[in-house]
Amino acid sequence: MDDRMDAVKAELEAVSFVGETLAPFFLQDPRTGTAGAAFQAVAQLRAQEAAEAWPFADGAEARHALSLMVNGLADGIDADDLVWEYRRLFVGPAPKPAPPWGSVYTDRECVVFGEGTLELRAWMRSHGIARQTDDKTPEDHMGLMLVLMAWIARNQPQDLGEFLRLHLLTWSSHFLDQLIEAAGQPFYEGLARLTKASLEGIQAELGLDVVYPRFYR
């Protein structure tokens, strides 16, 4: 029994690690944001060694993704191509090629703050979960949902499967496939690949049966 409990605890800690490690790269501008230390840590990685330690993802895919991320930081986190790619993908003002909000893909009108956002907000309220960070961005932003995944795994693990099955895994692979295609800078292609491989690995590890919605974008 103790061995089983230790294994479950380790699994939940690994889920938290994935969410906490990847979330800042979706949420923070490389130049003006607060994730400088996280970017620097990736820049100093040895992709092969990091891939061997990375949880849930297939080893070859993790190695490929981490290599892309490291290579994308070769010129430093202040490099113009990295900064402008983040802003092109996630900020605008031009139309974003792969918007990071779930409701853009699952709502018939393809809007931010759509039905999916409101459903997630209601789910959080019914489970006594407050926003963990950022009080302005819609809750179904990929970065915020990774933060939330990490928090639930650590604090309310009994709700983790439901959160993933109903709210995150329903659209994450669809969005991340689009981000892989849209990314013009290696770091963000690698980020999308690593996030997708990790979330799909978590889904397989937890044995979650996800019903996918119709995508309107």
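Counting helices only, and only those DSSP H runs with n ≥ 4, report the 222 nm mean residue ellipticity of the chain as the sum of -39,500 (n - 2.57) divided by its residues, in deg cm²/dmol to the nearest 500.
On the way: 11 runs with 132 residues, N = 217.
About -19000 deg cm²/dmol.
In this structure segment 62-206 gives 41 Å² per residue of accessible area when probed at 1.4 Å with all protein chains present.
Straight-line reach from LYS136: taking Cα to Cα under 20 Å and skipping same-chain neighbours fewer than 8 places apart, the lysines in range are LYS96.
The spacing between segment 110-153 and segment 31-79, judged by their C-alpha centroids, is 26 Å. Scattering from segment 91-169 was approximated by placing one identical point on each alpha carbon and applying the Debye formula without solvent; log10 I(q)/I(0) at 0.17, 0.26 1/Å stands at -0.64, -1.36.
Go through segment 123-217 and name the chymotrypsin sites (Phe, Trp or Tyr not before Pro) that are in a DSSP coil and have 15 or fewer other Cβ atoms within 10 Å of their Cβ.
Within segment 123-217, the qualifying chymotrypsin sites (Phe, Trp or Tyr not before Pro) (loop, at most 15 other Cβ atoms within 10 Å) are PHE215, TYR216.
With a Förster radius of 30 Å applied to the C-beta separation of VAL91 and HIS127, the computed FRET efficiency comes to 0.50.
Summarise the long-distance tail of P(r) for segment 78-217 by giving the % of C-alpha pairs beyond 23 Å.
Numbers: 3258 of 9730 pairs.
When all Cα pairs of segment 78-217 are counted, 33 percent exceed 23 Å.
Subtracting the Cα-Cα distance of GLU13 and ARG217 from 0.36 nm times their residue separation leaves 70.1 nm of extension gain. To put it simply, the accessible area of segment 11-96 at a 1.4 Å probe is 53 percent carbon and sulfur. For segment 14-62, the orientation-averaged shadow of the C-alpha convex hull comes to 3.6 nm² (one quarter of the hull surface). Close amide-amide hydrogen proximity is noted between LYS96 and no other residue 5 or more places distant or on a separate chain, at a cut-off under 5 Å (H modeled in the peptide plane; Pro and chain starts excluded).
Altogether, the Stokes-Einstein calculation at 4 °C and 1.567 mPa s, with the Kirkwood radius of segment 131-177 over Cα pairs as Rh, returns a diffusion coefficient of 117 µm²/s.
The values are calculated or read from the model by the stated rules, or taken from the named source; none is laboratory data. Keep in mind that what you see is a predicted model, and the values were worked out from it rather than measured. Every residue, glycine as well, gets a Cβ built from its backbone with ideal geometry; the counts of neighbours run over all protein chains shown. What goes into the accessible areas is simple: the full protein's heavy atoms, side chains included, and nothing from ligands, DNA or RNA. Shrake-Rupley method; radii C 1.70, N 1.55, O 1.52, S 1.80 Å.
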